[in-house]
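K.L.:
I have a structure here, written as structure tokens, and I will follow up with some questions on it.
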Amino acid sequence: MAKVRDNGRKDAILATAASQFRQRGYERTSVREIAQALGMTSGSLFYHFATKEELLVAIMEEGVRDIMQSVRDGLAGETRLPERLLSMVRSHLKALLGTRLDAMTVLLYEWRSLSPTAQTRVMASRDAYEALWTAPISEAAALGLVDADVVLVRQTVLGALNWTAQWYRPGGRLDIDTLAQRMYTMLFPRVVASDVQGAACASRSKAIGTPSESPGAGPSETVPSLN
């Protein structure tokens, strides 16, 4: 039971610290202010985290774990490229803009507050997450559906998604699912167009009872497979 209470206290510390860091900035927030917000002493807080930087690192690593798990869960059962990319966009936004928005915002905008050693540690987690995007973007690039510079495409996509933390407000004109669909369409227009073209071709072929691509079809008649 003591372990459960300890974990609960750590969760409360992380959530409160993330809120304080987001509102005031890491450098302008003291350990004493975090402790006061929690109704505890600075010494009690240091029992769980040896330094303020250790607390910041824990917030960032937890943020990466949350968003990675969200994307992995969203990908479960998705095999086609369009559905995989849409699911990744949706899952990223849900994790970013959900109940852990404070932690996610700190993760995105407090990098310069970390020491070089801490940056290396957190960046290892970040790189592992970004690697999840490399495979589907590389697949899209091979099909000519996105720019051939996979790293640039990935950076552009994640940059656009992450910027929503600056302006998105729950209860506004777009819910997260609608926002995800709209951003997916904007970020991957050729994937969307190819999927629509493929669906239309399949529908016509089914109607006339012939395969969508005959062995003698020329290159202009071939629809890239997204499976």
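K.L.:
Go over the candidates Ala142, Ala135 one by one and state the one that is without any contact (Cβ under 8 Å) to a residue 40 or more places away in the chain, open to solvent by less than 70 Å² (accessible area, probe 1.4 Å) and out of contact with any helix residue (DSSP H, G or I) (no Cβ under 8 Å at 6 or more places or on another chain).
P.N.:
Numbers: Ala142 fails: open to solvent by less than 70 Å² (accessible area, probe 1.4 Å).
Result: Ala135 is the single residue among Ala142, Ala135 that is without any contact (Cβ under 8 Å) to a residue 40 or more places away in the chain, open to solvent by less than 70 Å² (accessible area, probe 1.4 Å) and out of contact with any helix residue (DSSP H, G or I) (no Cβ under 8 Å at 6 or more places or on another chain).
K.L.:
Sort out which residues of the stretch 43-55 are out of contact with any Phe, Trp or Tyr (no Cβ under 6 Å at 6 or more places or on another chain) and either assigned to a helix (DSSP H, G or I) or open to solvent by less than 50 Å² (accessible area, probe 1.4 Å) (or both), and write them in order of number.
P.N.:
So the first thing to find is which residues in the stretch 43-55 are out of contact with any Phe, Trp or Tyr (no Cβ under 6 Å at 6 or more places or on another chain), and the list is 43-54.
Of everything in the stretch 43-55, those that are out of contact with any Phe, Trp or Tyr (no Cβ under 6 Å at 6 or more places or on another chain) and either assigned to a helix (DSSP H, G or I) or open to solvent by less than 50 Å² (accessible area, probe 1.4 Å) (or both) turn out to be Gly43, Ser44, Leu45, Phe46, Tyr47, His48, Phe49, Lys52, Glu53, Glu54.
K.L.:
With the structure loaded, tell me whether Gln36 is of a type outside the set (D, E, K, R), open to solvent by 80 Å² or more (accessible area, probe 1.4 Å) and part of a helix (DSSP H, G or I) or whether it fails that test. So that I can check it myself, show each step before the final result.
P.N.:
Values: of a type outside the set (D, E, K, R): yes; open to solvent by 80 Å² or more (accessible area, probe 1.4 Å): yes; part of a helix (DSSP H, G or I): yes.
Yes: the conditions hold for Gln36.
K.L.:
I'd like to check something: does the stretch 111-126 contain any residue that is open to solvent by 30 Å² or more (accessible area, probe 1.4 Å), assigned to a loop (DSSP other than H, G, I, E, B) and within 23 Å of Thr29 (Cα to Cα)?
P.N.:
Checked against the condition, which is being open to solvent by 30 Å² or more (accessible area, probe 1.4 Å), assigned to a loop (DSSP other than H, G, I, E, B) and within 23 Å of Thr29 (Cα to Cα), the stretch 111-126 yields at least one hit.
Condition check ((1) at negative phi; (2) modelled with pLDDT of 95 or more; (3) touching a strand residue (DSSP E or B) at 6+ places or on another chain (Cβ under 7 Å); (4) not hydrophobic (A, V, I, L, M, F, W, C)) across all residues:
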| site | (1), (2), (3), (4) |
| --- | --- |
| Arg22 | yes, no, no, yes |
| Arg28 | yes, no, no, yes |
| Val31 | yes, no, no, no |
| Ala35 | yes, no, no, no |
| Gly77 | no, no, no, yes |
| Leu86 | yes, yes, no, no |
| Leu93 | yes, yes, no, no |
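K.L.:
Could you tell me which residue of the stretch 156-174 is surrounded by the most Cβ atoms within 10 Å (Cβ to Cβ), considering only residues that are modelled with pLDDT of 95 or more and farther than 13 Å from Leu96 by Cα?
P.N.:
Top of the filtered list is Val157.
K.L.:
Another question about this same structure. Working carefully through the options Arg80, Arg72, find the one that is touching a Leu at 6+ places or on another chain (Cβ under 6 Å), surrounded by fewer than 19 Cβ atoms within 10 Å (Cβ to Cβ) and not hydrophobic (A, V, I, L, M, F, W, C).
P.N.:
It is Arg80.
The values are calculated or read from the model by the stated rules, or taken from the named source; none is laboratory data. For clarity, every value in this text was computed on a predicted model and none was experimentally measured. When we count neighbours, we look across all protein chains shown, and the Cβ atoms used for this are built from the backbone with ideal geometry, even at glycine. Calculation scope for accessible area: heavy atoms of the full protein, side chains included, ligands and nucleic acids excluded. Shrake-Rupley method; radii C 1.70, N 1.55, O 1.52, S 1.80 Å.
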